[in-house]
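Reading through the structure tokens given below for one structure.
The values are calculated or read from the model by the stated rules, or taken from the named source; none is laboratory data. Every value quoted in this text rests on a predicted model; they were computed, and no experiment measured them. As a convention, Cβ positions derive from the backbone with ideal geometry for all residues, glycine included, and neighbour counts pool all protein chains shown. For the accessible areas, the whole protein counts, side chains as well, though only heavy atoms, and no ligand, DNA or RNA atoms are used. Shrake-Rupley method; radii C 1.70, N 1.55, O 1.52, S 1.80 Å.
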Amino acid sequence: MKLLFNIFISMRPRQWVKNVLVFAALFFNPEIFGFRPIGIVFLAFLVFCLVSSGVYLINDLFDKERDKLHPVKKERPI
């Protein structure tokens, strides 16, 4: 369970707030309240979150040795 928690923290969910900007696309769609546009934008939000989290995880793996020397980054789970 701790492993899953550490992976989740390493995915930096607090950064996902930035991905909310994809919902702005709904305001440029004439069918703003349709199920399909909302579903597509929600899917885009999920994909953006997963892709950005994947990049964070890969970056943490590659920078693991350097991050050990950093006063803040050394506290990261990876």
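Between the entries (i) 5.0; (ii) 6.7; (iii) 6.4, the label attached to mean projected area of the Cα convex hull in nm² calculated for this structure is (iii). Expressed as a whole percent, the accessible area of the chain that falls on carbon and sulfur atoms is 74 (1.4 Å probe).
Taking the longest Cα principal axis of the chain as reference, the axis of helix 35-62 is set at about 10 degrees.
For Lys2, the aspartates and glutamates whose Cα comes closer than 19 Å to its Cα, not counting residues fewer than 8 places off in the same chain, are Asp60, Glu75. Taking Cα centre as origin and charging only the Cβ of basic (Lys, Arg, +1) and acidic (Asp, Glu, -1) residues, the dipole magnitude of the chain rounds to 280 debye.
Taking label points 7 Å from Cα along the Cα-to-Cβ direction, Glu65 and Leu3 give a separation of 2.5 nm.
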